[in-house]
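Heads up, the thing below is written out as structure tokens.
The values are calculated or read from the model by the stated rules, or taken from the named source; none is laboratory data. Nothing here was measured: the structure is a model prediction, and the numbers come from that model. For neighbour counting, all protein chains shown are included, and Cβ atoms are generated from backbone atoms with ideal geometry for every residue, glycine included.
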Amino acid sequence: MNSEALQLFWSFGPFVILLSVIGIYCILVTYNLIRALIGVEILIKAVTLLIIVVGHVTGHTALAQALVITLIVIEVVVIAVAVGIVLGLHHHHDSLDIRKLRNLKG
Amino acid sequence: MDNVLLLFLIVPLIAGILALLIPKKVRGPVEVIVLSATGLNLLLAAVFFKSNLAYFCPWVPAIGLDFSLRFYHFSAFIILATAAFGFLIALYSTVSLSDKTYAKHFFAYFLITIGLVNGAVLSDNLLLLLFFWEGMLVTLFLMIAVGNKSAFKTAAKALIIVGITDLCLMVGIVLTGHLAGTRTISGINLPLDALGGLAFVFLMIGAISKAGSMPFHSWIPDAALDAPLPFMAFLPGALEKLVGIYLLSRISLDLFQLHPGSWVSTMLMIVGAVTIILAVMMALVQKDYKRLLSYHAISQVGYMVLGIGTAIPIGIIGGLFHMINNAMYKSCLFLTGGAVEKQAGTTDLEKLGGLGLKMPITFACFIVAAVSISGVPPFNGFFSKELIYDSALERNLIFYLVAVIGSFFTAASFLKLGHAAFLGKLRDEHRNVKEAPPLMLVPMIIIALGCIVFGIYNKLPIHALIQPILSPERLEGHQFAGWPANTALVVITIIVLAGAFLNHRFGVKKKGSGLKAVDHIHYAPVLHIIYDKAEKRFFDPYNIGLKIINIISEIAWRCDRAIDWVYDTLVVKVTYACTNQIRKAHTGNYATYLVWSLVGFLLIAVFLLQSGKM
Amino acid sequence: MTSLLILIPLFSVMVLNLPSRTMMRRFAFWLSLILAASQVCLAAFFGTDLWNNANISGSFFQFNLAVDNLSRVMLFSIGIVVLAAILAGRELIKDENRQFNFTNLMLLILAGMNGVVTTVDVFSLYVFMEITAVASFVLISLQKDRDALEASFKYIIFSALASVMMLAAIALLLMVSGETGFPGISHALSNLPTSRLTLLAVSIFICGLFIKGGAMPFHGWLPDAYSAAPAPVSILLAGIVTKTLGIYTLIRIVGFVLSPNYALNNILLLVGTISIVAGALAALGQKDLKRMLSYSSISQVGYIIIGLGCGTPLGIFGAIFHLFNHSIFKSLLFTNSAAVESRTNTRNMEELGGLAERMPCTGTTSIIGFLSAAGIPPLSGFWSKIIIVVALWQAGFHAYSAIAVMAGAITLAYFLSMQRRVFFGKIKEELKSTKEANFNLLLPALLLAAITVGAGILFPFVHDTFITSFFK
Amino acid sequence: MTIDIIILIILTLAALWTVMTNTLLFAAIGLALTSAVLTIVMFRLNSPLAAVFELSVCAGLISVVFISVTTMTQPQSHQEVAQHNRDRLGRFKFLPLIIILVVLTLVILNLKPTPPLTIPEAGEDVRNIIWNQRPFDLIGQVLILLAGVFGVVILFKEKPKDE
């Protein structure tokens, strides 16, 4: 890890942070289940970018791409299952409102 | 040869597990197992009594836990006593619990307790001691819990109180091990400096709480009503005193250098004195046979703690002698209580009376034990109390006075108890009461005879059992056995006892049947004015005295309740307030939870990054 | 050999699904049972040499897998808890089709967890954690009732956040060390222990693991997920899944990969203590049996974390041993709660009472479980707790060890109140006809209780077998 | 390099639009757009294979999934939508503020984007890494796909029991 790579890394770093903030903000404030999943997606985009950037600046692009491909497969499966659960919740509540999800508490 | 020590653990534990495994419906084998196991235990203890054995086997070296046992004169003494009481009480219980469904469980836990007590007494490693000690906590809980319906609550109370003090013991053990650099008990001898004092106090809390001293006593009176009766005779009556005082004397004699006049010694004496006086005050106003005894079980601990706390040889000898004496007469008293309960069906003093003629042997045993506990010469309690008086006087007059006053009330309350239960008018429903079965009488008689023997021939226990515990140089120039050296003290004691008797007569006259007999003279037309005045003038001091006693009893009651309140209410309330806050915080809104996580993450990240900059 | 741990369940799932599903239904249960049982036996009786023997697996797959004693402990626990969950599932999941799906998912989750505990590559660790997590999402919402779906959704959001954090940390570690294998990362970090990038990576990583493991204040999803999941799934989830995903990985990363770091240890101690105390307090106020057990789980996880936070070998051993004990006694307690729920159709402790009379076996094993959890000798929970307390004391964290001891009182309090409200006392009129649970629920309960008692009594053996290898 | 920074800014804006847009449909399209922009970044950072994956799977498949689930969940009534929009505006208006704050913090911490000097060359072959060095991840992918299949079977196919 040389200083040049570090500098290059930090030129991309701020955007990763910005994307994460947008994603987390979306998860926190939305009242819609699907939007929450979109927030998660944006978080994953941020981390994908981070991996690619790291691979790029350290010269391990091949490894980074291998990781990203696996990550994308996992992402799809997680989203598919999550969408299934959202549909199930919609079936029960007849709405996508997150505020309905307060049955379990205490 | 030294492996024989393991038998002290294996025999009762295996027998206990066997007893648990036997199906509920089969009764005979359980009793056979209990009697043979306790008998074998007694035999072992008697055979090896004079030997010096040690067993060592590394167990968990990483935390300094070795399976190391040491059998020498002190532990042999406690083991022998345990075995003897265990056998006698087992004999008694086979009859007294014959109609109880929980008998099997009781016997199993009884045997396991004996095994654990043997282990605790034998263990020469602090952590091993803790292991057995915690095990005793569990069997204590289980033995109370098998009793009647409300027993579970009492059991939980006992578990919490003893559990908390056991935690103190644990802290003390860790601290002691840390200070001494070893966890082998026989290798520790620490000075009582600041940290050492702290360790001593923690260990002491564990020890005196096991013995049932104030302020860790409040489960005992409750257990008296709820737990099976042999339990009371066995654990709070005899065994817990034996192990608790054993540990107390071990820590004050061997583990730490306790000097007369040190703050720890004074503290022990204060604990002892307070326990004596408050518990006996409580005992005085009780209206239940077992509950009254249980408060005495607490009060007598005060004498032992006081004696050992003086840290002078005569006090220690007195305390230890009192320990074995107390175990004898207190278990005997509980056994008579059990006999009364079994035969008359109640232990409520208001429903008892005149049983003396129906149950003469029980009554005789009661008298022997009661005069022993009251300290009437020449029974055993007298000699041990005299030794303690002597040591208390040497330290401070106040302690002596407290001890003597305690003795006065002890005598008074036993006169009351004996009078209410065995004398007076026989109630109609008790017409058909019979003497207890022989198997219940035999243990009582043996123990009562023991009280007499240990009194008259007190050289035997003091020379054979107790004096070897102290190092020879500390005994130099002292004579403990035989008639007390200080005749003045004996005279005072006798005066006090006589005072107690007179006081009783007086009370009976005023309130009891004696008073009613003279009612017609009292209310005669002319005389009643004179009587009124005479009564007012004459009896006022008594009334005032009674009131003061009542107030003190009330205060004692309040203190007792306050301690109870701290355990039952304050701790619980604070805990539940926290609990409710935490529950309210969990609103079910996952965004809230996410915010917690993110805040946690940011704090952690900032903290770690800061640490890197340094 | 180690790769078979993952490949055999994978092939089993394929074999079960390729031919007609109806034909394979009966077969599936026995197959999964045999797989889990053989894993238990292999992990218990064979040393690490067997597992790392390359000749058995051949050179076809060159996996980054290794088994040390920590993995062995985990493999054993995984096997036993999966076994219990499969048995409970056969009893409690009535629908045949659903049970078949359940069994298949159990096999997948088994493969996933085996992968987690054997991998030596941090990205593969992530992959296997995701497999386990996805299978758990599906398992939680197996019955598709409202609460379960809600809990599952919360779990997905938290798990996704944790995964993203882990991936970010993996990327940063890749940046620092240039590779993703444990040895390489460990080597690179020992050269750069206090670089800001390293510390950022570490803090992100452990927070991700805290979320997965449910330490306070990262635990929001956990009580919901445990309590709303179907009974057999909560056994699995509480017993082993979150422990493998969060706590095992935490131990692996902090104890074996990262270089010792005083600040990190402080964080672990603090988070652990918060978890212990707040978890225990929260458990005290619960009415729902499973929810109480969930909070208790958080509290117990706290003990593991502070053990790890000591930073000494003894502390790490205590943490591992408590992890093992916890997975045993917590799945035991959840099995008991499943038995109670299956017979009474309620988990509300206010409505229960006196069941010990009707369900003696469940009641007794539950006593063993809670005594072990509360740390009463000679049960195994006592040993691990005392080791953690002693380790804390020796490491100089006297205040933390005192708190750990004091919290034991609260633990005892809530378990006693649970025991009293469910099993002791007078039996309610409407519960008079309750029967003891079926064999399929009793067998795992007895098995787990036997392990708890056995590991406690045979502690010297456990100690000699495992502790020596951790002190190397 | 300046062009990279511009693309990254576009990426951020796309994400911002995704989050703040009015309807779910636009949000899903915004997500696809974000993925597409990310693909461009990946191409520019010497990661073509991953970029192709990202484009086809994330921009394509996931957006399709989101759009179809949006249409599958029944449309809300007008009033509800209006209420929802008011609520949403209230809650989301802080996001740009927060973004600006974060950027300011980053500038203060001296983490602002600076044009790099050189770009290192690509190393090994991706296929070699996937097939020969990390076959483990492939097994993992198979396993997680199987888990996903069961999830879809259970969650989409089976009817809920309690009705």
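Please name all residue pairs, on different chains or six or more residues apart, with Cβ atoms under 6 Å, provided the first residue is in the range C:94-111 and is under 24 Å from D:Gln141 (Cα atoms) and the second residue is part of a helix (DSSP H, G or I) and of a type in the set (S, T, N, Q).
C:Thr103/C:Ser32; C:Met106/C:Ser32; C:Leu107/C:Ser12; C:Leu107/C:Ser32; C:Ile109/C:Thr132
Between a first residue in the range B:439-462 that is basic (Lys, Arg) and a second residue that is modelled with pLDDT under 80 and not in a helix (DSSP H, G or I), which pairs have beta carbons less than 6 Å apart while being 6 or more apart in sequence or on different chains?
The qualifying pairs are B:Lys459/B:Ala481.
Return yes when D:Thr34 is modelled with pLDDT under 80, surrounded by 17 or more Cβ atoms within 10 Å (Cβ to Cβ) and within 8 Å of chain A (Cβ to nearest Cβ) and no when it is not. Explain how you work it out, then say what you get.
On the way: modelled with pLDDT under 80: no; surrounded by 17 or more Cβ atoms within 10 Å (Cβ to Cβ): yes; within 8 Å of chain A (Cβ to nearest Cβ): yes.
It is false that D:Thr34 is modelled with pLDDT under 80, surrounded by 17 or more Cβ atoms within 10 Å (Cβ to Cβ) and within 8 Å of chain A (Cβ to nearest Cβ).
Residues of the range B:106-151 being in contact (Cβ under 8 Å) with a residue 60 or more places away in the chain, farther than 24 Å from B:Leu40 by Cα and not hydrophobic (A, V, I, L, M, F, W, C), which ones?
Selection gives B:Asn125, B:Gly147, B:Asn148, B:Ser150.
Could you please let me know if C:Ala148 is closer than 18 Å to C:Arg291 by Cα and either more than 10 Å from chain D (Cβ to nearest Cβ) or in contact with a Lys or Arg (Cβ under 9 Å, 6 or more places away or on another chain) (or both)?
Yes.
In this structure, does A:Tyr31 turn out to be among the hydroxyl-bearing types (Ser, Thr, Tyr), facing another protein chain (nearest Cβ under 7 Å) and in contact with an Asp or Glu (Cβ under 7 Å, 6 or more places away or on another chain)? Let's see the steps before the verdict.
Working: among the hydroxyl-bearing types (Ser, Thr, Tyr): yes; facing another protein chain (nearest Cβ under 7 Å): yes; in contact with an Asp or Glu (Cβ under 7 Å, 6 or more places away or on another chain): yes.
So A:Tyr31 passes the test.
Among the residues of the range C:199-217, are any within 12 Å of chain B (Cβ to nearest Cβ), outside any helix (DSSP H, G or I), surrounded by fewer than 23 Cβ atoms within 10 Å (Cβ to Cβ) and at negative phi?
Yes, that holds for at least one residue.
Select from the range D:15-53 the residues that are outside any helix (DSSP H, G or I) and hydroxyl-bearing (Ser, Thr, Tyr) and list them in ascending order.
If we filter the range D:15-53 for residues that are outside any helix (DSSP H, G or I), which is where we start, we get D:21-23, D:45-47.
The answer is D:Thr21, D:Thr23, D:Ser47.
From the list B:Ala37, B:Ala76, B:Ala120, B:Ala46, exactly one residue is part of a helix (DSSP H, G or I) and within 30 Å of C:Ile388 (Cβ to Cβ). Which is it? Steps first, please.
Working: B:Ala37 fails: within 30 Å of C:Ile388 (Cβ to Cβ); B:Ala76 fails: within 30 Å of C:Ile388 (Cβ to Cβ); B:Ala46 fails: within 30 Å of C:Ile388 (Cβ to Cβ).
That would be B:Ala120, the only listed residue that is part of a helix (DSSP H, G or I) and within 30 Å of C:Ile388 (Cβ to Cβ).
Being out of contact with any Pro (no Cβ under 8 Å at 6 or more places or on another chain), within 7 Å of another protein chain (Cβ to nearest Cβ) and closer than 22 Å to C:Leu173 by Cβ is true for just one of A:Ile79, A:Ile74. Which residue is that? Explain how you work it out, then say what you get.
Values: A:Ile79 fails: closer than 22 Å to C:Leu173 by Cβ.
Just a single option satisfies the conditions, and that option is A:Ile74.
Quick check, is C:Pro313 outside the structural domain of C:Gly79 (by TED's automatic domain parsing), more than 29 Å from C:Glu436 (Cα to Cα) and surrounded by fewer than 20 Cβ atoms within 10 Å (Cβ to Cβ)? First the steps, then the outcome.
Numbers: outside the structural domain of C:Gly79 (by TED's automatic domain parsing): yes; more than 29 Å from C:Glu436 (Cα to Cα): yes; surrounded by fewer than 20 Cβ atoms within 10 Å (Cβ to Cβ): yes.
Yes, satisfied.
Considering only residues of the range B:79-108 that are assigned to a loop (DSSP other than H, G, I, E, B) and not hydroxyl-bearing (Ser, Thr, Tyr), which is surrounded by the most Cβ atoms within 10 Å (Cβ to Cβ)? Can you show your working first?
Of the range B:79-108, the ones assigned to a loop (DSSP other than H, G, I, E, B) are B:97-102.
The next check asks that each one be not hydroxyl-bearing (Ser, Thr, Tyr); those that pass are B:97, B:99-100.
On the way: B:Leu97: 22, B:Asp99: 8, B:Lys100: 15.
Across the range B:79-108, the extreme among qualifying residues is B:Leu97.
Pairs only if they're at least six apart or on different chains, beta carbon under 7 angstrom, first in the range C:184-209 and more than 19 Å from C:Thr249 (Cβ to Cβ), second assigned to a loop (DSSP other than H, G, I, E, B) and among the polar types (S, T, N, Q); list them, first residue then second.
C:Ser190/C:Ser259; C:Pro193/C:Ser259; C:Pro193/C:Asn261
Rundown of residues vs (1) assigned by TED's automatic domain parsing to the domain that holds C:Val389; (2) in a helix (DSSP H, G or I), yes/no style:
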residue: C:Phe256; (1), (2): no, yes
residue: C:Ser259; (1), (2): no, no
residue: C:Ala263; (1), (2): no, yes
residue: C:Val271; (1), (2): no, yes
residue: C:Ser275; (1), (2): no, yes
residue: C:Gly279; (1), (2): no, yes
residue: C:Ile298; (1), (2): yes, yes
residue: C:Tyr303; (1), (2): yes, yes
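State which residue pairs qualify: first residue polar (S, T, N, Q) and inside the range D:1-15, second residue outside any helix (DSSP H, G or I) in any location, beta carbons under 7 Å apart, and separation of 6 or more residues or different chains.
D:Thr2/D:Pro115
Being under 26 Å from B:Ser75 (Cβ atoms), modelled with pLDDT of 80 or more and part of a helix (DSSP H, G or I) is true for just one of B:Ser384, B:Ser407. Which residue is that?
Numbers: B:Ser407 fails: under 26 Å from B:Ser75 (Cβ atoms).
Answer to the check: B:Ser384.
Within the group C:Lys144, C:Lys154, which residue is outside any helix (DSSP H, G or I), in the same structural domain as C:Ala36 (by TED's automatic domain parsing) and basic (Lys, Arg)?
Values: C:Lys154 fails: outside any helix (DSSP H, G or I).
Answer to the selection: C:Lys144.
Just to check your reading of the model, which residue among C:Ala413, C:Ala409, C:Ala402 is within 12 Å of another protein chain (Cβ to nearest Cβ), at pLDDT 85 or above and surrounded by fewer than 23 Cβ atoms within 10 Å (Cβ to Cβ)? Lay out the reasoning, then the answer.
On the way: C:Ala413 fails: at pLDDT 85 or above; C:Ala409 fails: at pLDDT 85 or above.
Residue meeting the stated conditions: C:Ala402.
Among the listed residues D:Arg88, D:Arg134, which satisfies the condition of being facing another protein chain (nearest Cβ under 8 Å), surrounded by 18 or more Cβ atoms within 10 Å (Cβ to Cβ) and either at pLDDT below 65 or over 29 Å from A:Leu67 (Cβ atoms) (or both)?
Numbers: D:Arg134 fails: either at pLDDT below 65 or over 29 Å from A:Leu67 (Cβ atoms) (or both).
Among D:Arg88, D:Arg134, only D:Arg88 is facing another protein chain (nearest Cβ under 8 Å), surrounded by 18 or more Cβ atoms within 10 Å (Cβ to Cβ) and either at pLDDT below 65 or over 29 Å from A:Leu67 (Cβ atoms) (or both).
Does any residue of the range C:178-188 turn out to be closer than 21 Å to A:Ile79 by Cβ and either surrounded by 22 or more Cβ atoms within 10 Å (Cβ to Cβ) or within 8 Å of chain B (Cβ to nearest Cβ) (or both)?
Taking the range C:178-188 as the starting set, the residues that turn out to be closer than 21 Å to A:Ile79 by Cβ are none.
No, the range C:178-188 contains no residue that is closer than 21 Å to A:Ile79 by Cβ and either surrounded by 22 or more Cβ atoms within 10 Å (Cβ to Cβ) or within 8 Å of chain B (Cβ to nearest Cβ) (or both).
Collect the residues in the range C:221-249 that are within 12 Å of C:Tyr155 (Cα to Cα) and β-branched (Val, Ile, Thr), keeping them in residue-number order.
Across the range C:221-249, the qualifying residue is only C:Thr242.
Would you mind finding the one in A:Gly39, A:Gly23 that is small (Gly, Ala, Ser), over 16 Å from D:Leu8 (Cβ atoms) and under 10 Å from the mean Cα position of the chain (by Cα)?
Working: A:Gly23 fails: over 16 Å from D:Leu8 (Cβ atoms).
Sole residue among the options that is small (Gly, Ala, Ser), over 16 Å from D:Leu8 (Cβ atoms) and under 10 Å from the mean Cα position of the chain (by Cα): A:Gly39.
Could you say whether any residue in the range C:160-170 is in contact with a helix residue (DSSP H, G or I) (Cβ under 9 Å, 6 or more places away or on another chain), of a type outside the set (A, V, I, L, M), at pLDDT below 90 and assigned to a helix (DSSP H, G or I)? Break it down stepwise before answering.
Applying the first criterion (in contact with a helix residue (DSSP H, G or I) (Cβ under 9 Å, 6 or more places away or on another chain)) to the range C:160-170 yields C:160-170.
Checking which are of a type outside the set (A, V, I, L, M) leaves us with C:163.
Filter once more, keeping what is at pLDDT below 90: none.
So far as the range C:160-170 goes, no, none of its residues is in contact with a helix residue (DSSP H, G or I) (Cβ under 9 Å, 6 or more places away or on another chain), of a type outside the set (A, V, I, L, M), at pLDDT below 90 and assigned to a helix (DSSP H, G or I).
Filtering the range D:1-20 down to residues that are surrounded by 17 or more Cβ atoms within 10 Å (Cβ to Cβ) and of a type in the set (S, T, N, Q), which residue is farthest from D:Phe43 (Cα to Cα)?
Restricting to residues being surrounded by 17 or more Cβ atoms within 10 Å (Cβ to Cβ) and of a type in the set (S, T, N, Q), the top hit is D:Thr18.
Among residues belonging to the range C:218-233 that are outside any loop (DSSP other than H, G, I, E, B) and within 13 Å of another protein chain (Cβ to nearest Cβ), point out the one that is surrounded by the fewest Cβ atoms within 10 Å (Cβ to Cβ).
Quick first cut of the range C:218-233, residues outside any loop (DSSP other than H, G, I, E, B) only: C:222-228, C:231-233.
If we keep only those that are within 13 Å of another protein chain (Cβ to nearest Cβ) as well, we get C:222-228, C:233.
Values: C:Leu222: 30, C:Pro223: 29, C:Asp224: 30, C:Ala225: 30, C:Tyr226: 28, C:Ser227: 25, C:Ala228: 28, C:Val233: 32.
Restricting to residues being outside any loop (DSSP other than H, G, I, E, B) and within 13 Å of another protein chain (Cβ to nearest Cβ), the top hit is C:Ser227.
Looking only at residues in the range A:1-28 that are facing another protein chain (nearest Cβ under 7 Å) and of a type in the set (S, T, N, Q), which one is surrounded by the most Cβ atoms within 10 Å (Cβ to Cβ)?
Checking each candidate, the answer is A:Ser11.
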